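Enquirer: Supplied in structure tokens, the structure appears directly below.
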Amino acid sequence: MDRLRITGQTPLSGSVKISGAKNAALPILFASILSKEKSVIKNIPLLADINTTLRVLDALGLKTLFKLDDHTIEIDGSSLNSLEAPYELVRTMRASVLVLGPLLARNGEARVSLPGGCAIGARPVNYHLTAFERMGAKFDIEGGYIHGKAPNGLKGAFVRLPFPSVGATENTLMGAVLADGDTLIQNAAREPEIADLARALRSMGAKIEGEGTSNIQVKGVSELKGMNHSVSPDRVEAFTFLASGLITRGKVTVEGIDATYLQSALELLTQAGAKITNTPNSVTAEFVKDLTKVSFTTEPFPGFPTDMQAQFMALLTQAKGTSHISETIFENRFMHVPELVRLGAKIQIKGNQATVEGPTPLSGATVMATDLRASASLIIAGLAAKGDTLLRRIYHLDRGYEQIEQKLSQLGAKIVREHEK
Ligand code: UD1
């Protein structure tokens, strides 16, 4: 198993190119199931979750070709011969549940292993299933699998989501594009990755309006052609590098991303005392004075994203004053806290609230990553710590960050991957 050794307290400076967004690439790859033709998807990040997605598509019989040097995946939609996303794959990547919409829409049937809980919470899929029931599907749970059937195909429907769930919005949208009739998704999630999925679906001939707002309207069509799309940049990766630069009192530019993707986070960074500048295609965060406390609550887009909470918390350990953080999206997303405390942070948790007292000097230690964004927060803290931090269980990190140690090294960080015996 690999681990990362981070030797802290070197100011980062320079520019780094942001990869395609994991959370956009996954639904977009699954959307290729909707067409019998060949799809070509560019700007794919090189990540473990992408490999898992390809294994799910392979399990469905689709032929896939990953041109690693080009960050491009080609998928032949003609060879679909199975309707089942197996347990071994869903277990490692919950987003596999996104095959439901495309399979029900194209073939009227799907079997997907029930995802079960994960490190950050229970994460049920009831909103997805209720949406498809509104569209005429029926579900049974058998042998740990969700078995969905829509023998007469999905029908357009009015679907009001109880909460703007990202996954439920994506799944419903992918079902609706091939449904018979019109669908209105109300209280839809507004994340940029959903807008990217809508653009990808439109390249296949789908008729969608309103993506990026709470009301998405879809006119079902009877067939879709192959997809031709380039995935949008990863805002979570971008924020991770900006926070890494600031915690080292440095100056980092993230290239290839529009500041509007990061608006809520950039407002908070400015409030904390960072100097933020941007061009249409890049954002720079510069340390100009000691950072001060800020408080925030995680919310659906355009609010502050839960996927950046752990990284911001690491940064706030070096800000003067008491910062309050409320996590409202997932019930168990403070697992990085005990590890940050091992590095010297002063953080207390009460329910879904964390209180961070800063600044506290951090000193390197061995820490264990418990999920993807928690791993990123420990790297950020390690970059500010005195001495060496050893980050173990970095397979979480490899699920969502492409070559993070190379990119950080390019900015001047002292970080190496080591093989643990
Ligand atoms: C996606 C992202 C994840 C991000 C999250 C919130 C991907 C692959 N993952 O996850 O990185 O942290 O959005 O921005 O894009 N819920 C239910 N029932 C459902 C669906 C969701 O109760 O049927 C609850 C969840 O348990 C959670 C909340 O709704 O508490 C938000 O979940 P959701 O927006 O669906 O997140 P994901 O799509 O799983």
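Enquirer: By how many nm would the segment from Lys149 to Ser326 grow when fully extended, if each residue of separation counts as 0.36 nm and the alpha-carbon distance is taken off?
Expert: Residue separation times 0.36 nm, minus the Cα-Cα distance, leaves 59.8 nm.
Enquirer: Of all beta bridges DSSP finds with both residues in the range 22-230, what is the antiparallel percent, to the nearest 5?
Expert: Antiparallel bridges make up about 75 percent of those DSSP assigns within the range 22-230.
Enquirer: Next question. Rank-order 132-144, 188-200 by packing density, defined as the average count of other C-beta atoms within 10 Å over each peptide's residues, highest first.
Expert: By packing density, highest mean first, the sequence is 188-200, 132-144.
Enquirer: So which lysines pass the test for Lys63, namely a Cα distance under 26 Å, with those fewer than 8 places away in the same chain ruled out?
Expert: Reachable lysines: Lys22, Lys36, Lys38, Lys42, Lys149, Lys225.
Enquirer: Continuing with the same structure: So for the chain: antiparallel DSSP bridges make up what percent, rounded to the nearest 5?
Expert: 75 percent
Enquirer: May I ask you to compute the full-extension gain from Thr366 to Arg160, defined as 0.36 nm times their residue separation minus their alpha-carbon distance, rounded to one decimal in nm?
Expert: Computed gain between Thr366 and Arg160 is 69.5 nm.
Enquirer: For Asp290 and Arg91 in one chain, what is 0.36 nm times their gap in residues minus the Cα-Cα distance, to one decimal in nm? All intermediate terms of the calculation are to be shown ahead of the outcome.
Expert: Details: separation 199, 0.36 × 199 = 71.64 nm, distance 4.33 nm.
That pair, Asp290 and Arg91, stretches by 67.3 nm at full extension.
Enquirer: Go through Ala200, Ala259, Gly167 and say which Cα lies farthest out towards the positive end of the charge dipole of the chain; charges sit on Cβ, +1 for Lys and Arg, -1 for Asp and Glu.
Expert: Ranked along the dipole, the leading option is Ala259.
No lab work stands behind these numbers, since they all come straight from the coordinates. Note that the structure is a prediction, hence the values are computed from the model and not measured. Virtual Cβ from ideal backbone geometry, glycine too; neighbours counted across all protein chains shown.
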